[in-house]
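Here's the structure we're looking at; comments come further down.
The values are calculated or read from the model by the stated rules, or taken from the named source; none is laboratory data. Computed from a prediction, not measured in an experiment: that's the story for all the values here. Cβ: placed from backbone, ideal geometry, glycine included. Neighbour counts: every protein chain shown.
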Amino acid sequence: MKTIGVTLLIWVLAGSVGAKSIDNADRVSASREVAASFMAALKTELLKAMKEGGPVHAISVCRDKAPEIAAAKTKETGFKVGRTGLRVRNLKNSPDAWEKNVMAAFESRKAEGEDVRQLEHWDVVSGNGTRVFRYMKAIPTGGLCLRCHGVKLHSSVENTLKNLYPQDRATGFTTGDIRGAFTISQPM
């Protein structure tokens, strides 16, 4: 009888672990979809702005449209959706301690040869009596990004950035650098 009880306990616990990992797999999948959707919407807006008015006009996309896209994704999904980085332009996008650690790990993984486009991380974080599923997906620096985040900027872009973001630290990037990351928190 004792053996059956122990076996039953192991079976119940194993079932709980299996259910948890399926739940996390679903959370990872949902987070990937939100990050990809955010990236696609942001890229569409940036390309449109570049066509309409060049890089100076595109600055308003990251300043105004990106937060709107994040807010819409947050409302649509119930997840907290945003962007962050180690070198931010807008201080509102500064990373919290968990995000900072993940970004540092991304940089290490990149240095070890991992493809920036594949870098992602997720974890269940506990705090203040709650558990939250957190996900981050690296944003690789591409050619479009370099117009406003690169090493050499047009003087009109440089002047606009100095006026809008006197504490800007989001320049000096090259193709393939980690520009930042999409960050998603799902309540559990």
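Which residue, of 44, 74, is of a type in the set (Ser, Thr, Tyr) and within 15 Å of the chain's Cα centre (by Cα)?
Unique residue meeting the criteria: 74.
I'd like the full set of residues that are surrounded by fewer than 18 Cβ atoms within 10 Å (Cβ to Cβ) and either at pLDDT 95 or above or within 23 Å of residue 32 (Cβ to Cβ) (or both), limited to region 87-108.
Listed by number, the residues that qualify are 87, 94, 96, 97, 98, 100, 101, 104, 105, 107, 108.
I want to confirm something. Restricting to region 132-152 and keeping residues that are without any contact (Cβ under 8 Å) to a residue 40 or more places away in the chain and hydrophobic (A, V, I, L, M, F, W, C), which single residue is nearest to residue 46 (Cα to Cα)?
Per the criteria, the residue is 145.
If only one of 141, 174 is touching a strand residue (DSSP E or B) at 6+ places or on another chain (Cβ under 8 Å), loosely packed, with under 13 Cβ neighbours inside 10 Å, within 18 Å of residue 119 (Cβ to Cβ) and of a type in the set (S, T, N, Q), which one is it?
The conditions single out 174.
Could you please give the count of residues in region 101-150 that are touching a His at 6+ places or on another chain (Cβ under 7 Å) and of a type in the set (A, V, I, L, M)? Break it down stepwise before answering.
Narrowing region 101-150 to residues touching a His at 6+ places or on another chain (Cβ under 7 Å): 102, 105, 136, 141.
Filter again for of a type in the set (A, V, I, L, M), leaving 102, 105, 136.
Total satisfying the criteria: 3.
Mind listing whichever residues of region 1-49 are surrounded by fewer than 13 Cβ atoms within 10 Å (Cβ to Cβ), aliphatic (A, V, I, L, M) and modelled with pLDDT of 50 or more?
22, 25, 36, 40
Could you grab me the full set of residues in region 99-131 that are within 26 Å of residue 41 (Cα to Cα) and free of Cβ contacts under 8 Å to residues at least 40 places away in the same chain?
100, 114, 115, 117, 118, 121, 123 - these are the residues of region 99-131 that are within 26 Å of residue 41 (Cα to Cα) and free of Cβ contacts under 8 Å to residues at least 40 places away in the same chain.
I need a count of the residues in region 158-171 that are closer than 24 Å to residue 82 by Cβ, surrounded by 12 or more Cβ atoms within 10 Å (Cβ to Cβ) and not acidic (Asp, Glu).
Number of matching residues: 7.
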